[in-house]
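Take a look at the structure below.
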Amino acid sequence: MAADWIKVEGVKGISYRQHPTRLHKKHKDRYFATFYKLDGKTKCEAFGWESDGWTAEKAVSILQELKQNQKTGQGPKTLAEKREQSKKENDEKEAKTKEEECKSITFTQLYEMYLPVQKVKTKEKTWKNEDSFYRNWFKEPLGEKPIEQITIDDIQKILNNALEKGRTPRTVEYMKAAIRQMFNFAGDRDLYNKKNVAEKVAIPSVDNRRTRFFTQEEVSRILVALQKRSQQTHDIALFAMYTGCRPIEVFSLEWEDVNFATKIMTVRKTKNGKTKHVPMTKPIEQLMLRLSQLDNVGLVFKSKKGTKIKAVSKVFFDVLKKLGINDNVADEHEQGVFYTLRHSYASWLMMKGADLYDVKELMGHSTTAMTERYSHLSPEHLKKTASLLDECQIGDF
């Protein structure tokens, strides 16, 4: 930058410096500024470079405006104040524009922003369920409606309709959660500045705990039928039945965690992230010995390609249907599924008089509250309950 300020010829109060090398319009680029007195003090304020659009005429116009404001006592008196005022006006304008945009964004537009994020953040099953909810339940009543105008009653009607058409309370709970997450998403992106409208929507309370378990006769029939259809599916079902392991635990078990000497299997991929140790019962020991003769490296149960199995084979469900296991079971939540093998494991143990805490450890439950659903099956529990009448005196016998 040049050391000295040069006054603009014929223009009072405006000066400039020249850039030592940079050219603009065939002459050295100029940096405009103004010098004036305010409250008895000389002030210097810079406008900017000529290459950025500043000219002496433009600078004079602003300087005259500032001097007029100084005389009247109204409006910005300095260039700094004018810039601050301009910034404030622009911020207010942008905020107003943003507010108008928020008022006009529709539920469908919000969903089109939300879904791609969910595809990255959540499992495929989760976002596909949400997409199904949107297409089948949300789109028609809410799609073209601005999200600012959606009410509790709008959402309540959708959930009530789902219940009336046979959807389970649990499914409706998921539907509510999906809408709530969409409005949270909108709020996080400053597209929605109200309290989440889905929070106060009421749905029936849900007990998600399954109580159905297979009888020994049912398990025997299932295993025989599975063996005829698929040896591997039979082995997986047998393993689940005699260990109480969850599907993810069955499919994640590796041979290095199977100890024939101690007859203990170490399960590392559990639901709550804690490692648990599963004793080998005689049926499981025989199963593992047979399987180890075929392959004893890597995963115990593998797909045909040698990779991790992702889901229970369709063969299992076909067998349940063919055997009529769920015939006459009206409550969908109580119908037998693969997970029922796990419930059967715990139920059978309790009926044989197992200690509640021991069953908790075998099941890998984080608290005994989860195991207590089976406590009514314990003979000791039943005897204790019945003994409550021992002291009732109703006469001589």
Checked the range 255-278 for anything in contact with a helix residue (DSSP H, G or I) (Cβ under 8 Å, 6 or more places away or on another chain) and either assigned to a strand (DSSP E or B) or of a type in the set (D, E, K, R) (or both); matches are Val258, Lys263, Met265, Thr266, Val267, Arg268, Lys269, Lys271, Lys276, Val278
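More than 44 Å from the chain's Cα centre (by Cα), surrounded by fewer than 15 Cβ atoms within 10 Å (Cβ to Cβ) and farther than 30 Å from Pro141 by Cα: does that describe Leu63?
Details: more than 44 Å from the chain's Cα centre (by Cα): yes; surrounded by fewer than 15 Cβ atoms within 10 Å (Cβ to Cβ): no; farther than 30 Å from Pro141 by Cα: yes.
Taking the combined requirement at face value, the residue does not satisfy it.
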Checked the range 233-253 for anything free of Cβ contacts under 8 Å to residues at least 60 places away in the same chain, among the aliphatic types (A, V, I, L, M) and in a helix (DSSP H, G or I); matches are Leu238, Ile248, Val250
Could you please let me know if Ser220 is out of contact with any strand residue (DSSP E or B) (no Cβ under 9 Å at 6 or more places or on another chain), modelled with pLDDT under 95 and outside any helix (DSSP H, G or I)? no
Checklist line | So Glu89, is it free of Cβ contacts under 8 Å to residues at least 12 places away in the same chain and not polar (S, T, N, Q) | finding: yes
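Would you kindly identify the helices (runs of 4 or more DSSP H) lying entirely within the range 348-391 that contain at least 1 residues that are in the same structural domain as Pro279 (by TED's automatic domain parsing) and modelled with pLDDT of 70 or more?
The qualifying helices (runs of 4 or more DSSP H) are 356-363, 368-371.
Can you spot a residue in the range 288-304 that is under 22 Å from Phe213 (Cβ atoms) and surrounded by 12 or more Cβ atoms within 10 Å (Cβ to Cβ)? Give the steps one after another, and end with the answer.
Kept after step one, since they are under 22 Å from Phe213 (Cβ atoms), are these residues of the range 288-304: none.
The answer is no, given that none of the residues of the range 288-304 is under 22 Å from Phe213 (Cβ atoms) and surrounded by 12 or more Cβ atoms within 10 Å (Cβ to Cβ).
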Residue set Lys305, Lys269, Lys310, Lys322; condition without any contact (Cβ under 8 Å) to a residue 60 or more places away in the chain, in the same structural domain as Leu362 (by TED's automatic domain parsing) and over 31 Å from the mean Cα position of the chain (by Cα); output residue Lys305
request  = State yes or no: is Thr122 more than 17 Å from the chain's Cα centre (by Cα), hydroxyl-bearing (Ser, Thr, Tyr) and surrounded by 13 or more Cβ atoms within 10 Å (Cβ to Cβ)?
outcome  = no
**Prompt:** On the given criteria, is Phe338 part of a loop (DSSP other than H, G, I, E, B) and either touching a residue at least 40 places away in the same chain (Cβ under 8 Å) or closer than 19 Å to Ile236 by Cα (or both)?
**Reply:** yes
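Yes/no per residue for (1) touching an Asp or Glu at 6+ places or on another chain (Cβ under 9 Å); (2) in a strand (DSSP E or B); (3) over 20 Å from Trp5 (Cβ atoms):
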| site | (1), (2), (3) |
| --- | --- |
| Arg30 | yes, yes, no |
| Ala33 | yes, yes, no |
| Tyr36 | yes, yes, no |
| Glu45 | no, yes, no |
| Ile62 | no, no, no |
| Leu66 | yes, no, no |
| Asn69 | yes, no, yes |
| Gln74 | no, no, yes |
| Glu81 | no, no, yes |
Hey, Leu38 at pLDDT below 85 and under 58 Å from the mean Cα position of the chain (by Cα) or not
no
Among residues of the range 293-329 being part of a loop (DSSP other than H, G, I, E, B) and among the hydrophobic types (A, V, I, L, M, F, W, C), the residue farthest from His234 (Cα to Cα) is Val329
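Mind checking which residues of the range 169-217 are of a type in the set (Gly, Ala, Ser), in a loop (DSSP other than H, G, I, E, B) and modelled with pLDDT of 85 or more?
From the range 169-217, those of a type in the set (Gly, Ala, Ser) are 177-178, 186-187, 198, 202, 205; that's our starting set.
Those left that are additionally in a loop (DSSP other than H, G, I, E, B): 198, 202, 205.
Passing the criteria: only Ala198.
Which of the residues that make up the range 81-93 are surrounded by fewer than 12 Cβ atoms within 10 Å (Cβ to Cβ) and modelled with pLDDT of 80 or more?
Step one: list which residues in the range 81-93 are surrounded by fewer than 12 Cβ atoms within 10 Å (Cβ to Cβ), which gives 86-93.
Those that are surrounded by fewer than 12 Cβ atoms within 10 Å (Cβ to Cβ) and modelled with pLDDT of 80 or more: Ser86, Lys87, Lys88, Asn90.
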Those residues of the range 226-251 which are surrounded by fewer than 21 Cβ atoms within 10 Å (Cβ to Cβ) and touching a strand residue (DSSP E or B) at 6+ places or on another chain (Cβ under 7 Å) amount to Phe251
Checked the range 7-23 for anything assigned to a strand (DSSP E or B), within 17 Å of Lys58 (Cα to Cα) and either without any contact (Cβ under 8 Å) to a residue 40 or more places away in the chain or among the hydroxyl-bearing types (Ser, Thr, Tyr) (or both); matches are Lys7, Ser15, Tyr16, Arg17
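Determine, yes or no, whether Val197 is within 22 Å of the chain's Cα centre (by Cα) and not assigned by TED's automatic domain parsing to the domain that holds Pro116.
Working: within 22 Å of the chain's Cα centre (by Cα): yes; not assigned by TED's automatic domain parsing to the domain that holds Pro116: yes.
Spelling it out, Val197 is indeed within 22 Å of the chain's Cα centre (by Cα) and not assigned by TED's automatic domain parsing to the domain that holds Pro116.
The values are calculated or read from the model by the stated rules, or taken from the named source; none is laboratory data. Quantities reported herein were computed from a predicted structural model and do not represent experimental measurements. Note: ideal-geometry Cβ built from the backbone for every residue, glycine included; neighbour counts use all protein chains shown.
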